Amino acid sequence: MAIDDRPVTILDFDAWKKQSRKISVLTAYDYATARWLDAAGIDCLLVGDSLGTAVQGRETTLGVTLDQIVYHAEMVARAAKRAFVVADLPFLSYQASRSQAIRSAGRILKETRCQAVKLEGGRRTAAAIRAVVDAEIPVMAHVGLTPQSVRKLGGYKVQRQADAIRADAQAVVEAGAFAIVLECVPAAIAATITAEVPVPTIGIGAGVDCDGQVLVVHDMLGLIEGFRPRFARRYAEIGEAVQQATARYIADVRSGEFPVEAESFR
Ligand SMILES: Nc1nc(=O)c2c([nH]1)NC[C@@H]1CN(c3ccc(C(=O)N[C@@H](CCC(=O)O)C(=O)O)cc3)CN21
Ligand SMILES: CC(C)C(=O)C(=O)O
Ligand SMILES: [Mg+2]
């Protein structure tokens, strides 16, 4: 096995930050997609609660359940030969108590092959992060725009309170997080935090100076109509390709050009 093919572990995140080796992260929700992303060499797969918006067609992530995350995380983690796999803890699976956070995170490690969980929130989530880390479960933190707070925030807006976001990042580091997602924060704030904290920062709409980047795979591949925030660069137009292939199939069925004899049994 070549050195670059060995499975990624939590230790690599520290090493990569020290080496300034940028970390690539994409979301995944199913086995087939996760196989392709892993084969391409992605460092980390996130079974995001963006499941709600990307897969379930909802406006927010609030309705996603822990059972749904476990179902998808099991498939993704089984597909990953090299990538490090993280699962989001969904809304109301960790906010109620430290005990709830440990039990929810524990289910991810017991029922899937995921190596870590991700929780949203900074100072107010630090106690839950500490409790989960004390149960020997690695935690990725997530500060800045936290989509599970959409009702309190009044929408998906860039978060500009530099001192509050810096304090959140410090708090999750002190609580034991091994990495931090920075979502929708001005580039200068993300750069300051990246320089201040000892763990890697993974940006989404957080500028050019983070230690890594994450995107929702449906956004990156052009599978979602309409949703085009400025950070979601499209690397393919798979939705267009699916529509065109489907139109050809329909035309061939109607005209009798599909199937032909070679596609039939006798
Ligand atoms: N498919 C998908 N991709 C995502 O990135 C994503 C989800 N779903 N669901 C959960 C959250 C919601 N996210 C969002 C949604 C909208 C904007 C947005 O419209 N941003 C504006 C900025 C507005 C401002 O200036 O404050 C933009 O123009 O980018 C950003 C992140 C990110 N997350
Ligand atoms: C966008 C990433 C960071 C996420 O939390 C998700 O996909 O749910
Ligand atoms: Mg999420």
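The values are calculated or read from the model by the stated rules, or taken from the named source; none is laboratory data. The shown structure was predicted, so the numbers you read here are calculated from the model rather than taken from an experiment. Heads up, the Cβs are rebuilt from the backbone with ideal geometry, glycines too, and the neighbour counts pull from every protein chain shown. Calculation scope for accessible area: heavy atoms of the full protein, side chains included, ligands and nucleic acids excluded. Shrake-Rupley method; radii C 1.70, N 1.55, O 1.52, S 1.80 Å.
Observations
- Single match in Phe227, Phe231 (criterion: modelled with pLDDT under 95, within 21 Å of Thr146 (Cβ to Cβ) and under 24 Å from the mean Cα position of the chain (by Cα)): Phe227
- Selection count, the range 105-114, where residues are farther than 15 Å from Ala28 by Cβ and open to solvent by 10 Å² or more (accessible area, probe 1.4 Å): 5
- Qualifying residue in the range 68-90 (condition: without any contact (Cβ under 8 Å) to a residue 24 or more places away in the chain and either crowded, with 22+ Cβ neighbours inside 10 Å or of a type outside the set (Phe, Trp, Tyr) (or both)): yes
- Of all residues in the range 33-55, those that are away from ligand 2 (no atom under 12 Å from the Cβ), open to solvent by 10 Å² or more (accessible area, probe 1.4 Å) and closer than 24 Å to Gln148 by Cβ total 1.
- Cross-chain or 6+ apart pairs with Cβ under 6 Å, the range 105-116 first and within 16 Å of Ala79 (Cβ to Cβ), then modelled with pLDDT under 95 and surrounded by fewer than 21 Cβ atoms within 10 Å (Cβ to Cβ): none
- Look at (1) hydrophobic (A, V, I, L, M, F, W, C); (2) surrounded by fewer than 16 Cβ atoms within 10 Å (Cβ to Cβ); (3) within 22 Å of Phe84 (Cα to Cα) and you find that Ala164 fails only one, number (3).
Yes or no, residue by residue, for (1) outside the structural domain of Leu92 (by TED's automatic domain parsing); (2) open to solvent by less than 20 Å² (accessible area, probe 1.4 Å); (3) within 25 Å of Ile102 (Cβ to Cβ); (4) within 16 Å of ligand 1 (Cβ to nearest atom):
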{"site": "Ala128", "(1), (2), (3), (4)": "no, yes, yes, no"}
{"site": "Ala131", "(1), (2), (3), (4)": "no, yes, yes, no"}
{"site": "Asp134", "(1), (2), (3), (4)": "no, no, yes, no"}
{"site": "Val139", "(1), (2), (3), (4)": "no, yes, yes, no"}
{"site": "Val143", "(1), (2), (3), (4)": "no, yes, yes, yes"}
{"site": "Gln148", "(1), (2), (3), (4)": "no, yes, yes, yes"}
{"site": "Arg151", "(1), (2), (3), (4)": "no, no, no, yes"}
{"site": "Ala169", "(1), (2), (3), (4)": "no, yes, yes, no"}
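- Of all residues in the range 24-63, those that are within 15 Å of the chain's Cα centre (by Cα), within 22 Å of Arg82 (Cβ to Cβ) and assigned to a loop (DSSP other than H, G, I, E, B) total 6.
- Residue in the range 22-29 that is in contact with a Ser or Thr (Cβ under 6 Å, 6 or more places away or on another chain), open to solvent by 10 Å² or more (accessible area, probe 1.4 Å) and within 16 Å of ligand 3 (Cβ to nearest atom) present: no
- Taking strands (runs of 3 or more DSSP E) as the structural unit, those lying wholly within the range 176-247 and holding at least 3 residues that are of a type in the set (A, V, I, L, M, F, W, C) correspond to 179-183.
- Residue check, Leu215 more than 28 Å from Ala177 (Cβ to Cβ) and touching a residue at least 24 places away in the same chain (Cβ under 8 Å): no
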